[in-house]
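What follows is calculated from the coordinates using simple rules that are stated; it is not laboratory data. This one's a predicted model, so the numbers in the text were calculated from it and none came from an experiment. Don't worry about glycine lacking a Cβ; one is built from the backbone with ideal geometry, like all the others, and counts go over all protein chains shown.
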Amino acid sequence: MLASHPVSPPATVTPKISMNVTTTFHGNVVQDIRIAKEAGFGGIELQSPKLYRYLDAGYAVETLPPLLDGLVVTGLGAVLDIERQGPAREEFLAEVRRMCSVAAAVGAPIVQLCTGPVDANVVKAHRAGLLAPDDPRYRGTLEMDEGEAVAVTAANVRDAADIAADHGLEVYLEPLAWARLNRCRHALQIIEAADRENVGIALDTWHFWTTGDTLAEVAALPRELIKAVHLSDGLDLDREHDVADQGLHRNVVIGGGAIPLQQWVEAVKSTGYDGWWVSEMFSDRANEHDPLVVATTMRNLLAILVS
């Protein structure tokens, strides 16, 4: 449970700490920016549900830079289900174009791409043999072998990277823990097959730990491929039988779960990584608490972890 007063960070440490807006889950863009500043974050990672809600309400993207003054926009996310094919592939590329345009306008250097299907219930149905051929829900690469899944995903990532490059941007991959392509090795295979210099990894501790990726795999990553580190906690699960479910297995305050976060930080540091550390959290209890207390507590916890 979160305390009423946030813990104090080390006085002499100034690490690069960014707030993913899941940290202040129920806020809006304007509130999130204000709270990130008041909580002492140096950066903010904006996310599409809130960001597009703001823009779709009629606010111009040009209104954001003045609000963001004093914060670095460390990244923008996320384009989901990146392996889409057929007519849906053009929809994917249109989403990439929109996000890159917004990223360039707010000064974000990179946009996030996530493997799919984003709906974990589809994965559960597929694993249980209950996903009927006429089920209209998006299933992505669930029925492909690994090689084909990597190939079609890499082709989409290549085109997305080219769009990003036209805006002077990079892209970072986040393999979702329940998705068909969900492992560190899958990200590396996609990057190699995409063959673009501006593609890297968003290293999320929950996704990596939940799928069974190891500290040794993290420590072996080339430093230049790690574009951001999402520090997120999670709960134990049966990796052989459970489909990772964000609502169940990630529903915990950072620092209150089963992931040995300090070990993961040290593994990342061993690569020479010196980029942004990002708080990302999906905790029902935290979401109903004072968002400034939540954000300040998470900022100070990350400062302790990464110092």
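Only one of (1) on the phi > 0 side of the Ramachandran plot; (2) without any contact (Cβ under 8 Å) to a residue 12 or more places away in the chain; (3) under 18 Å from the mean Cα position of the chain (by Cα) fails for Asp81. Which number is that?
Failed condition: (2).
Which ranges mark the helices (runs of 4 or more DSSP H) fully within the range 56-170 that have 2 or more residues being touching a strand residue (DSSP E or B) at 6+ places or on another chain (Cβ under 9 Å), polar (S, T, N, Q) and more than 23 Å from Ile201 (Cβ to Cβ)?
none
For the range 189-243, give me each residue that is of a type in the set (S, T, N, Q) and more than 25 Å from Ala154 (Cβ to Cβ).
Ser232
Of all residues being touching a residue at least 60 places away in the same chain (Cβ under 8 Å) and surrounded by 22 or more Cβ atoms within 10 Å (Cβ to Cβ) in the range 93-109, which is nearest to Glu280 (Cα to Cα)? Just the residue, please.
This residue is Ala108.
Say whether the condition of being touching a Leu at 6+ places or on another chain (Cβ under 7 Å), touching a residue at least 24 places away in the same chain (Cβ under 8 Å) and in a loop (DSSP other than H, G, I, E, B) is met by at least one residue in the range 182-191.
Yes, the range 182-191 contains at least one residue that is touching a Leu at 6+ places or on another chain (Cβ under 7 Å), touching a residue at least 24 places away in the same chain (Cβ under 8 Å) and in a loop (DSSP other than H, G, I, E, B).
What's the total number of residues in the range 171-222 that are of a type in the set (Asp, Glu) and in contact with a strand residue (DSSP E or B) (Cβ under 6 Å, 6 or more places away or on another chain)?
Summing the residues that are of a type in the set (Asp, Glu) and in contact with a strand residue (DSSP E or B) (Cβ under 6 Å, 6 or more places away or on another chain) in the range 171-222 gives 2.
Criterion first (farther than 27 Å from Asn300 by Cα and either exposed (fewer than 15 other Cβ atoms within 10 Å of the Cβ) or among the β-branched types (Val, Ile, Thr) (or both)) does Asp274 satisfy it?
Judged against the criteria, Asp274 is not a match.
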